[in-house]
Amino acid sequence: MGESNKPTDMIPGYVMPTASAIEDLPNLIAAMLVDHRPSRMPFFNRVAGLPRAVASDPELLGQIHLVYQSAMHATRAAVYHLPHLDTPALRKRKLRIFIDDDGLCGGDTHHYQLTRAFRSIGAKCLLDDEEFGEPAELCHYLEAETAHFVRLAPKLYSRSLGPWCTVEVFSVDWMRALADAVSVHFPHFRNEQYFADCFAQNVEERHAAEALAVTQMVLRARPELLHETLRDAKIMAEALDGVWSHLDRIVQSAEIVQANRPVHYPQPTESGAASAWMGRADKLNA
Ligand SMILES: [Fe+2]
């Protein structure tokens with residue numbers, strides 16, 4: 001291979017990324033992801049605008065929990081397989097991220113916190129916490145877009161650092177959007193530990209800065225990885241869009257079911273119950 005050991009030297013026309021491109025990584029990623037910001041997706045506003053009767057449906061909340069928790073689970077599991085972080089100093093930094101997700105006080109985890117937050121608003125969760133395991137198994141319970149994300153996360157996370165950057169850069173945006181949307185109906189939701197601890201301690205802002213800083217460090221030593229890092233960051237962002245799109249369809253379906261629900265008119269013999277029923281209907285429509 002001559003004087004160099006780099007495989008890219010064998011590719012005709014290959015141009016090594018410049019040092020300035022690597023120093024500009026945070027801006028490159030931000031520019032690339034601008035069209036994929038989660039909070040721009042209609043799911044969040046649709047949840048905020050739901051009639052109370054729909055927003056508090058335990059089945060709907062259970063479906064939202066399943067999809068959101070599955071996507072989060074896939075990235076939390078995949079982060080254990082991040083490449084290029086093998087020196088003792090980088091392993092220490094990687095461990096810090098693991099601890100923020102899975103090493104919380106008293107044996108708690110972000111996964112458990114999220115389930116408690118949904119149960120606190122009445123969600124009928126479709127899977128128990130420990131049933132979130134292997135992607136292939138989990139996908140049996142998921143539709144196409146979420147299953148695609150769940151399968152893609154381990155594949156992409158283990159081959160480059162770009163998808164990790166995407167998820168960490170975006171996570172505070174979607175967490176705030178979800179907390180704001182659901183808190184319209186359940187004001188305490190944003191104060192649940194899953195959200196409150198992250199927001200108070202700027203956990204996700206720290207993760208975003210750390211993911212970008214560590215990735216830049218790796219790229220300074222191996223600039224030939226820049227292209228695949230950016231490519232995989234973009235693929236992850238597109239897959240994440242699919243998760244919000246599916247969540248939006250779940251909410252739309254719940255709206256349609258509610259709109260088509262037959263109105264029950266009390267029979268004359270039910271007159272005693274009629275006024276109570278009407279009062280209940282007024283509340284449901286409020
Ligand atoms: Fe994070």
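Grab the chain and count how many Lys pairs have their alpha-carbon atoms under 24 Å apart, sequence gap of 8 or more, or different chains.
6
Share of Cα-Cα pairs in the chain beyond 30 Å, in percent?
On the way: 15755 of 40755 pairs.
Value for the chain: 39 percent of Cα pairs lie more than 30 Å apart.
If I model a spin label at residue 18 and residue 205 as a point 7 Å from the Cα along the Cα→Cβ vector, what separation in nanometres do I get?
Rounded to a tenth, the inter-label distance reads 3.2 nm.
Could you grab the relative contact order for the chain? Cα pairs under 8 Å, six or more apart, rounded to a whole percent. List each step's numbers first, then the result.
Details: 309 pairs, mean separation 92.3, N = 286.
It comes to 32 percent, rounded to a whole number.
At 1.4 Å probe size, with every protein chain present, just tell me what the per residue accessible area of the stretch 159-205 comes to in Å². Numbers along the way, then the final one.
Values: 1630 Å² over 47 residues.
Averaged over the residues of the stretch 159-205, the accessible area is 35 Å².
How high is the relative contact order of the stretch 57-142, given as a whole-number percent (alpha carbon pairs under 8 Å, six or more residues apart)? Could the numbers behind the result be given before it?
Values: 61 pairs, mean separation 41.0, N = 86.
Worked out over the stretch 57-142, it gives 48 percent.
If you roll a 1.4 Å probe over the stretch 123-244 with all protein chains in place, what percent of the accessible area is carbon or sulfur? Before the final figure, lay out each step's value.
Values: 2630 of 4960 Å².
In the stretch 123-244, the share of accessible area belonging to carbon and sulfur is 53 percent.
Roughly how tilted is helix 226-260, in degrees to the nearest 10 and between 0 and 90, from the longest Cα axis of the chain?
With both axes taken from Cα atoms, the answer is about 10 degrees.
Mind grabbing the accessible area of residue 75 for me, 1.4 Å probe, Å², rounded to tens?
Near enough 10 Å² of accessible area.
Taking K and R as +1 and D and E as -1, what net charge do the other residues with C-beta under 13 Å from the C-beta of residue 232 add up to? Show your work: numbers first, answer last.
Numbers: positive: 155, 159, 231, 234; negative: 228, 238.
Every neighbour counted, the sum reads +2.
If I take R0 = 22 Å and measure r between the Cβ atoms of residue 136 and residue 98 in this structure, what FRET efficiency does the formula 1/(1 + (r/R0)^6) give, to the nearest 0.05? Please report the intermediate quantities before stating the final value.
Working: r = 23 Å, r/R0 = 1.04.
Efficiency for this residue pair is about 0.45.
The values are calculated or read from the model by the stated rules, or taken from the named source; none is laboratory data. Every value quoted in this text rests on a predicted model; they were computed, and no experiment measured them. Cβ sites come from the backbone with ideal geometry, for glycine too, and all protein chains shown count toward neighbours. Surface accessibility is based on the protein's heavy atoms, side chains included, excluding ligands, DNA and RNA. Shrake-Rupley method; radii C 1.70, N 1.55, O 1.52, S 1.80 Å.
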